[in-house]
Structures are given as structure tokens and as C-alpha cells.
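Novice: Once you've had a glance at the structure underneath, I'll fire off some questions.
The values are calculated or read from the model by the stated rules, or taken from the named source; none is laboratory data. Small disclaimer: the values here were computed from a predicted structure and weren't measured. Glycine also receives a Cβ, built like all others from the backbone with ideal geometry; neighbour counts cover every protein chain displayed. Remember, those area values only see protein heavy atoms, side chains included, never the ligands or the DNA or RNA. Shrake-Rupley method; radii C 1.70, N 1.55, O 1.52, S 1.80 Å.
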Amino acid sequence: MVLGLGLVALVSARFPTKTSAIVPTPATVIGFEPGEDRKLASWDQVVQYFRRLDASSNRILVEELGRSTLGRPFIAATISSPQNMQRLDRFRQIQRRLADPRLIANGAEVDQLIAEGRTIVLITFGIHSTEVGSTLSSLNLAYRLVSEDSPEMREILDGCIILLVPSLNPDGVDIVKQWYDRTLNTPYEGTSPPQLYHHYVGHDNNRDWYAFTQVETQLTVDKLHNVWHPQIVHDVHQMGTTGARMFVPPYLDPIEPNVDPLIVQGVNFLGTSVAWELTAQRLPGVVFNAIFDAWAPARAYSHYHGGLRILSETASARLATPITITPQQLRPGRNYDPLRSSWNFPMPWPGGQWRLHDITRYMEAGAVALLRNAARYRQHWLRHFYLIGKRAIEPRQDKPFAFVIQPETPTSAVGRAWMVNTLLRGGVEIWQAIELTENGRRFPPGSLFVFLNQPYSAFAKTLMESQQYPDLRQYPGGPPIPPYDVTAHTLPLLMGAPVTTLGERITGDFIEVGQPLRINHRALVPAKTARLGIYQSYTASMDEGWTRWVLDQFQIPYTVLRDGDIRRGNLRTRCDVIIIPDGSPDAIARGLPEGRYPPEYVGGLSAAGVDALKQFVQAGGRLVALNRASDFAIEYLGLPVRNVLRGLTSSQFYCPGSILRMQLETSHPLARGMPAQSIAWFEYGGAFEVAPEQQASVQVVGRYGADNPLLSGWILGHERLANKAAVIQISVGRGHVILFGFRPQYRGHSVATFPLLFNALAE
């Protein structure tokens with residue numbers, strides 16, 4: 001008994017100032033328990049709760065890292081034991097040294113840093129705002145971490161420093177809540193908002209972890225990843241309703257080849273550890289090695305910076321509205337069947353009611369299980385983190401000595417600077433030699449060198465080389481197995497900035513590029529742009545949001561046109577050019593379905609909108625259709641061209657997000673300032689064929705050659721593209737229709753083809 005009392009006294013001394021009695025529960029601030037049916041918190045309430053936690057406890061520090069796209073506070077909480085919280089600067093120094101083995105003197109120092117350091121775990125919630133359980137779970141988890149005084153929690157807080165982001169998209173928290181509250185107790189309850197839930201990019205905000213276009217990504221990378229260098233990143237998501245109740249890694253193949261094997265095995269170990277614990281808690285329906293792959297760096301910054309990304313995906317309800325799923329409604333997913341027990345899905349969920357409370361319960365349990373592992377294996381996580389960095393700086397046969405970024409030219413200046421700044425933000429070291437000649441090879445002044453004996457060489461190599469995505473089929477000779485996202489991410493191609501590979505070692509005097517390069521955005525924009533309208537469907541299009549973002553970055557003014565704006569007609573008095581971003585013809589023409597949304601949001605452009613667009617072009621307007629919107633223009637405006645890919649099966653033609661070679665007719669105004677050979681970012685796009693009798697009215701601006709055009713990624717059936725048009729301009733009445741068979745402004749960073757779009761907007 002005396003020993004037990006002594007232990008209590010010791011615990012009291014270690015947590016000296018606060019007790020759970022004075023730590024506010026979420027309900028005392030937001031007015032309900034997170035996870036209650038049909039109740040969502042506003043972003044102000046979330047921020048208020050975290051600030052109340054900060055004021056109540058010495059286990060937590062809440063900081064505003066900056067402002068979101070629409071000006072809301074972007075916050076993060078640092079949580080650990082009071083003793084650790086007093087030494088945060090020291091732990092940051094330890095992490096910095098372990099992340100860069102060049103800073104460590106010897107093995108004895110390594111051992112000392114590992115013994116002293118803590119596992120840094122970054123947990124991010126709410127990047128996809130319709131996944132409403134995520135941000136609500138952050139409140140429950142933070143409350144437990146700050147208030148609970150169990151042995152389990154003491155172990156976690158002693159062994160870990162937890163960086164908790166309640167939402168990576170604060171604006172979307174309010175967008176979704178306001179829509180949900182508006183439609184509560186109506187036939188439309190539980191539907192997604194008829195707008196992007198991130199002002200610019202919607203769901204694609206989770207595809208920005210190497211391009212760093214959005215302010216929320218930049219804040220997270222600059223002020224959390226690059227400051228703390230976390231060993232573990234837990235990215236909390238939701239998925240569909242009719243499969244497993246929760247996914248955790250291991251991921252499916254393919255895994256991007258530059259991800260260190262120790263990271264891959266760490267992901268496998270930690271993910272299955274979480275699944276093991278959830279199964280022990282009798283939480284059924286947990287699957288791993290299914291659904292999601294680990295190919296695209298756009299979703300996994302930490303995989304190229306020494307750490308693990310643990311994605312968890314919990315089944316959704318209808319926002320905060322309960323649903324009932326019968327066994328007959330459960331559907332097989334990739335590499336598992338929710339109705340059958342298997343090695344990677346040992347305890348199926350039988351079906352039944354699924355509520356927001358179930359979502360938050362699974363999420364909280366998964367996060368605590370992950371933190372328990374992070375604390376218990378603290379020294380392993382730190383040592384492996386160091387070993388990954390050590391391996392990164394070593395010369396190896398599977399990587400070149402350096403990449404050489406060529407000096408800028410008039411056509412490459414913007415893309416080159418953009419690419420350099422992207423690499424710098426990702427922690428890549430870039431060096432410049434004033435003039436260098438070695439072994440008979442001359443490197444002209446202005447050449448930049450990315451040496452691959454640096455800690456984040458995997459990040460540089462992944463973005464600088466061309467991708468060769470494996471030819472994965474459902475069965476030999478059968479249809480392709482789709483990647484979870486795209487297959488290519490080669491920055492020199494996307495940004496039109498030539499790079500060469502240097503295999504042999506060179507020596508010389510180099511100066512490190514310490515500051516971002518200046519970008520003259522206006523260099524790509526015509527001197528005068530026409531009055532521009534951009535169509536914004538209520539069937540929210542991420543491509544539309546990316547288009548607005550690019551236009552805003554380059555200070556090109558525009559007017560947003562909704563369905564009603566176009567249906568009213570008389571467009572020529574308001575616009576000279578109208579852009580229709582990527583979207584299926586059916587979604588553009590018919591829009592949201594009647595009965596599921598209020599009447600003012602349904603119907604798409606309809607016949608009235610199509611007639612208005614026809615009149616606009618006939619009267620001298622210019623209509624620009626991007627990617628699948630070209631099929632809408634061909635079909636509904638009766639254009640004299642054919643998309644030769646439309647209607648083909650994936651066995652006949654497949655190109656899921658790849659970079660293709662394209663030849664340009666540089667004498668055409670649309671190709672002003674462009675090189676003769678460029679690229680096309682191809683994802684579910686088109687290739688055009690012109691009827692011989694109609695060729696007088698059609699000008700081909702960009703064309704695929706006779707050979708396989710693949711530069712990076714994956715393509716099947718490339719012969720379907722042979723000599724087909726990629727960009728065309730069609731004369732209609734006094735106006736023109738410009739069809740892009742690809743996305744010239746792909747996710748805000750295909751700088752190489754920005755001029756094609758901008759030239760289409762010239763006055």
C-alpha cells in the first residue's frame with residue numbers, strides 16, 4: 001500500500017497544475033457531444049474549444065499558424081506531458097539533427113539523441129470537409145490527451161510529442177455545416193454542398209503535398225513538417241458507406257519506388273498494429289492491404305522526408321445523419337469482400353445502423369492505438385528515422401549523382417523558377433556554380449545542381465525523374481487495375497523546365513540557393529485579356545476551382561457564371577470568352593438531380609443554356625472547353641469533329657493521369673511563345689479527328705505524333721492517339737470554339753501548358 005501511495009504522489013508531481021476536473025469537455029463549449037446525430041460544430045466553436053483547452057492545461061499549446069484561403073484561423077495544437085512541453089525547443093533540435101545525419105558527429109551522439117528524443121506524431125483531421133467525423137474526433141482525442149491520467153495516457157504523453165491539426169480545411173468546416181443545417185429535416189438532408197468545400201480545389205486539397213499550391217498545405221509543410229520532422233503522420237479520413245468500416249495500411253501495390261524500404265515496413269508494422277488493437281476492442285470491419293495504394297507523392301509528403309504516412313479511412317454516414325446498411329447492400333472493394341472473412345479482413349461487420357458516433361469512436365480508437373505504438377516503440381521509431389536519413393545521403397547505384405536544371409530561357413523562365421521554389425519548400429538543397437567545366441563537359445552559367453547525397457534526395461528524385469507505372473491487370477491480358485490517383489508527377493515536364501541527369505561525380509565551387517526565385521507571372525499572360533466568364537456548375541468541379549486559382553495567381557480577371565446566368569442568354573454583352581472546365585457532358589447539361597437538391601440547384605445548363613452558348617459563339621464569342629467538357633461541346637453544339645476515344649473500354653485505351661508528348665503549330669496564335677514540342681497532361685481526355693469535308697473550318701494547334709507519346713506514367717492503346725489532334729480551334733459563325741483534349745492547367749502546376757490557356761483568353 002505504501003508503494004501505491006508513493007506512485008500516486010509521483011504522478012501528481014509530474015502533472016502538477018491541472019486535473020481532469022477543470023479541463024472543459026467538448027460539450028461544455030460546442031453544446032453537444034462530438035458524434036451526436038445531426039449536429040455539427042462551426043469552425044469558431046472548434047477554435048474556441050482548443051483555446052479553452054490551452055487555457056486549462058499545461059499539456060497543450062495551441063498556436064495559430066496563419067490564415068486559411070478565406071481568412072479563418074488555421075490552428076495546431078502541440079500536446080505532451082508537462083515536462084516535455086517545457087523542453088519543446090530541445091526536442092525540435094534533436095529532430096533536426098536526426099533528420100540530417102550530416103549534423104551528427106558519431107555513433108555515440110546518435111545513441112544519446114535517440115535516448116533523449118521523443119516520437120513526433122502529426123495527426124491531421126478534416127482535409128475533406130464532408131468527412132465530418134474527422135474534425136469532431138479531434139475534439140474528443142484532444143480532450144482525452146489533456147484530461148486523462150491513466151497509465152496508458154501517461155505512457156503516450158511521456159513518449160510522444162503530438163502535433164494535432166483539427167482541420168486542414170477550416171473554410172470547409174463552415175461550408176458543410178451551413179449547408180447541412182440549412183437542409184436539416186428536409187428531403188435534402190445529408191447531401192453534399194452544391195459547391196466545392198475548399199474554395200479552390202475541393203477534394204483535391206489532398207493532392208497538393210508536392211506542388212504546395214494552397215495556403216493550407218504551405219502552412220502545414222512550413223510550420224509543422226519542416227520544423228518538427230515527424231516520424232509518424234496520421235491522416236484521418238472517411239470513405240464510402242457500403243464496404244469496410246475502417247481501412248488502415250499496409251497499402252496495396254504499387255508503392256512509389258523511391259519510398260525507403262524501412263518506411264514501407266514501418267507503415268506495414270504500424271498499420272497492422274492499429275488493426276490488431278481495434279479488433280481486440282471488438283470493433284468489426286477493419287481492413288488493411290486493400291483499396292488504397294502508395295504511389296503518388298501528392299498524398300504523402302512524409303514518405304519522402306523520413307516519416308510514415310498512416311492513412312485511416314472510416315466508413316461514412318450521410319454527413320451527420322444516421323444510415324442503415326443491410327448485408328445485401330455491402331459491396332466488394334479492391335482486394336477484399338466485406339461479406340467474407342479473410343487474412344486482411346478477419347472480422348467482417350454484419351451490417352446495421354451506422355451513425356456519426358460510430359465514426360468518431362473508430363477514429364478515436366485508431367488514433368490512440370497508433371499513439372500507444374509510437375510511445376512504446378519510441379527508440380525504434382527514432383533510430384529508424386535516423387537510418388532513413390543516413391541512407392538518403394549515401395551514394396547508391398539506384399540514383400544518379402545529381403540533376404542539373406538548365407539555365408532559364410524565355411519559354412522556361414516561369415516554370416523553372418516555380419519548380420525550384422517547389423523543391424526548396426520541400427527541403428531540397430539546390431546549388432549554383434558560376435561556371436563549371438569538368439571532363440570536357442561544360443555547364444553554362446545559371447545551371448543549378450540538385451545533388452542526391454542529401455537527406456531529401458528521395459523527394460527530389462521522385463519529382464525530377466520520369467515515372468514508369470507498372471502494367472497491372474485484373475488478370476493476364478485483362479482490363480487494367482486503376483491506380484488510386486494519377487501515375488505521373490515529373491516536374492521538369494509539367495513545368496517546361498529542362499533537366500539533365502548527371503551520373504558521374506563532379507567537383508567545384510558551388511553557392512547554395514538560399515531564397516525562392518522571383519516569378520514574373522505576367523510573362524506568360526497576353527498584354528490584354530478579353531472579358532472572361534468561367535462556368536461554375538452546381539455539380540462542383542475541382543477543375544473549375546483549379547482554373548480560378550490559376551487565373552487568380554496570374555491576376556487575370558473573370559466573372560463566375562452559374563447555370564442561371566448562362567440560361568438567361570445575352571452572353572455576348574457580358575463576355576468575350578467563356579471557359580467550361582472539365583466535367584462530363586451529362587453533368588454539364590443536366591446538373592444535379594431533381595428531388596435530391598433544392599430546385600434552384602438542379603437542371604444544369606439545360607436546353608436554354610445550350611442555346612445561349614450557341615448564340616454566344618455565333619455572335620463572335622469564344623468558347624473554351626477543357627478535357628471532358630470538349631465532349632459536351634461536340635455533342636451539344638454539333639461540332640464537326642469526333643473524339644476517337646469516346647466510348648472505348650479501358651482494355652482498348654487507358655491513360656489514367658500521365659504526361660504525353662505533343663507537337664504544336666507555333667505559328668498559331670494559341671501557341672504564341674510556346675516551343676514546338678510540349679506536353680499534355682492526359683487524364684480521361686480526348687483526341688480529335690476532323691471530317692475531311694470540314695477541315696476548312698478547323699485549325700489543329702496541337703497534335704500527337706505517330707509514335708508512343710508517353711513521357712511519364714502509364715498508357716495502354718497508345719496507337720489510338722496516332723496523329724490525332726489534342727488542341728483544335730473551330731470556326732462557328734463569327735466566333736470560335738477551342739477544344740482541349742487535356743487539362744492545360746492541371747492541379748495548378750502544369751506551367752508548361754498555361755500559355756495555351758492564357759492565349760485563348762487574349763483580347
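Novice: What does DSSP give for the chain in terms of the percent of beta bridges that are antiparallel, rounded to the nearest 5?
Specialist: If I count the DSSP bridges inside the chain, around 60 percent turn out antiparallel.
Novice: All other residues with a Cβ under 15 Å from the Cβ of Pro557 taken together, and with Lys, Arg as +1 and Asp, Glu as -1, what is their net charge?
Specialist: Counting the neighbours of Pro557, the net charge comes to +2.
Novice: Quick query: amide H of Ile679 versus all other amide H atoms, modeled in the peptide plane; which residues come in under 5 Å with a sequence gap of 5 or more or a different chain?
Specialist: Amide H neighbours of Ile679: Met662.
Novice: Determine the sum of side-chain charges near Pro593: Lys and Arg each +1, Asp and Glu each -1, restricted to other residues whose C-beta is under 15 angstrom from that of Pro593.
Specialist: With Lys, Arg at +1 and Asp, Glu at -1, the net is -2.
Novice: If amide hydrogens are placed 1.01 Å from N in the peptide plane, which non-local residues have theirs closer than 5 Å to the one on Asp293?
Specialist: Correct list: Leu252, Tyr484.
Novice: Equivalent-ellipsoid semi-axes (√(5λ), Cα gyration tensor) for the range 40-187, whole Å, largest first?
Specialist: They are 35, 17, 13 Å, listed from largest to smallest.
Novice: Moving to a separate point now. Can you compute 3J(HN,Hα) from phi for each residue in the range 62-68, using the Karplus curve 6.51 cos²θ - 1.76 cosθ + 1.60 with θ = phi - 60°, rounded to whole Hz and x for Gly and Pro?
Specialist: 9, 10, 8, 7, x, 10, 6
Novice: Using a Förster distance of 35 Å, how high is the FRET efficiency between Asp149 and Gln379, based on the Cβ-Cβ distance and rounded to 0.05?
Specialist: Plugging the Cβ-Cβ distance into 1/(1 + (r/R0)^6) gives 0.90.
Novice: For Arg376, Arg574, Arg743, give me the order by solvent-accessible area with a 1.4 Å probe, most accessible first, ignoring ligands, DNA and RNA.
Specialist: Result, largest first: Arg376, Arg574, Arg743.
Novice: Okay, moving on. Determine the relative contact order of the range 173-295: mean sequence separation of Cα pairs under 8 Å and six or more apart, normalised by residue count, in whole percent.
Specialist: 22 percent
Novice: On a full-extension model of 0.36 nm per residue, what is the gain between Arg562 and Val215, subtracting their alpha-carbon distance, rounded to one decimal in nm?
Specialist: Contour length minus Cα-Cα distance gives 122.3 nm.
Novice: At a probe size of 1.4 Å, how large is the accessible area of Glu33, to the nearest 10 Å²?
Specialist: Accessible area, nearest 10 Å²: 100 Å².
Novice: Let me ask something else about it. May I ask you to rank Trp43, Trp349 by accessible area, largest first, using a 1.4 Å probe over the protein chains only?
Specialist: Result of the area sort, largest leading: Trp349, Trp43.
Novice: In the full protein assembly as shown, how much of Asp543 is accessible to a 1.4 Å probe, in Å² to the nearest 10?
Specialist: Accessible surface of Asp543 is approximately 10 Å².
Novice: Oh, and also: Can you run phi through the Karplus equation (6.51, -1.76, 1.60; θ = phi - 60°) for the range 722-729 and list ³J(HN,Hα) in whole Hz, with x for Gly and Pro?
Specialist: So the Karplus estimates, Gly and Pro as x, are 4, 6, 8, 7, 10, 9, 9, 10 Hz.
Novice: Given C-alpha coordinates of the chain, what is the ratio Rg to Rh with the Kirkwood estimate of Rh?
Specialist: Using only Cα positions, Rg/Rh for the chain is 0.98.
Novice: Here is a further query. In whole percent, what relative contact order does the chain give with Cα contacts below 8 Å and a gap of six or more residues?
Specialist: It comes to 11 percent, rounded to a whole number.
Novice: Return the FRET efficiency for the residue pair Asp111, Asn344: r is the Cβ-Cβ distance, R0 is 35 Å, and the value is rounded to the nearest 0.05.
Specialist: Efficiency computed from Cβ-Cβ geometry: 0.40.
Novice: If you don't mind, there's one more thing I want to ask. Count charges around Val577 for me, please; just the other residues with Cβ under 13 Å from its Cβ, Lys/Arg as +1, Asp/Glu as -1.
Specialist: Taking every Cβ under 13 Å from that of Val577, the sum is +3.
Novice: Mean separation of Cα pairs under 8 Å and 6+ residues apart, divided by the residue count of the range 451-544: what relative contact order is that in percent?
Specialist: Relative contact order comes out at 17 percent.
Novice: For Ser68, which sequence-distant residues (separation of 5 or more, or a different chain) have an amide H within less than 5 Å of its own amide H, given hydrogens modelled in the peptide plane?
Specialist: For Ser68, whose amide H was placed from the backbone, the distant partners under 5 Å are Phe74.
Novice: Let me ask something else. Can you give me the accessible area per residue for the chain, using a 1.4 Å probe, in Å²?
Specialist: 38 Å²
Novice: Here's another thing I want to ask about it. Which percent of the accessible area of the chain is formed by carbon and sulfur heavy atoms (probe 1.4 angstrom)?
Specialist: Of the solvent-accessible surface of the chain, carbon and sulfur hold 51 percent.
Novice: In whole Hz, with x marking every Gly and Pro, tabulate ³J(HN,Hα) for the range 414-430 from phi via Karplus 6.51 cos²θ - 1.76 cosθ + 1.60, θ = phi - 60°.
Specialist: 5, x, 5, 5, 4, 5, 4, 5, 5, 5, 4, 4, x, x, 7, 7, 10
Novice: Determine the calculated [θ] at 222 nm for the chain from helices alone, applying -39500 (n - 2.57) to every DSSP H run no shorter than 4 residues and normalising by the residue count; nearest 500 deg cm²/dmol.
Specialist: -9000 deg cm²/dmol, from helical runs alone.
Novice: Might you work out the accessible area of Cys655 for me, using a 1.4 Å probe with all protein chains in place, and round it to the nearest 10 Å²?
Specialist: Spelled out: Cys655, probe radius 1.4 Å, area about 10 Å².
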